[in-house]
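Chemist: Sharing a structure below in C-alpha cells format, with a few things to ask.
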Amino acid sequence: MKKFLTAVVIVVSTMTFAQQTEKDSKCDLPKDYQEPKPDKKIQSWLKRGDATIEDLRKHIAVENDCSEKDVVFLRISEQKGNGMYSVCVAGKPMKYKRMGTVFMGAGENPFDVTK
C-alpha cells in the first residue's frame, strides 16, 4: 500500500508541475535579467561552422520575424556536437536544439519527410 501511495503522489506532483510550465505562455523577466554565458571553448569551436549563440540569435529572429534584441536566452546547455536552448522570443518561451551546426525547434524532426 505504501508503494502504491508513493507512486500516486509522484505521478500527481509530476503532472501538476508539468501543467504549470505549459500554462505559462509568457516570459516575465526582470529588468536586470542577465543571460547565461556560454562556454568560450565550445563557442570558439562552433565559430568554425557558424553555429555560435549569436548565429542562433539571428536564426531565431529571422524565423520569428522579430528583432535580435527580442531574443533572450533563458538556459543554455551545449556540447560540441549538440545543444539545447530555452529562449524567450518577444515575450513567448520557446526551445531550440542544435545538432552539429544545424539549428531547429526542439519539437522538429529533421528526418521526418512526410510533411
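Chemist: Can you compute the modelled spin-label distance between Gln34 and Arg75, with each label point 7 Å from Cα toward Cβ, in nm?
Modeler: Taking the two extended label points, one gets 2.0 nm.
Chemist: Roughly how many Å² of Asp55 are accessible to a 1.4 Å probe, to the nearest 10?
Modeler: 40 Å²
Chemist: Another one. Nearest 0.05, what FRET efficiency do Val62 and Lys2 give at R0 = 35 Å with Cβ-Cβ as r? Don't jump to the answer; show the numbers that get you there.
Modeler: Details: r = 54 Å, r/R0 = 1.55.
Calculated transfer efficiency: 0.05.
The values are calculated or read from the model by the stated rules, or taken from the named source; none is laboratory data. All values reported here derive from a predicted model rather than from experimental measurement. Positions of Cβ are backbone-derived with ideal geometry, glycine not excepted, and every protein chain shown enters the neighbour counts. The area values use the complete protein model at the heavy-atom level, side chains included, leaving out ligands, DNA and RNA. Shrake-Rupley method; radii C 1.70, N 1.55, O 1.52, S 1.80 Å.
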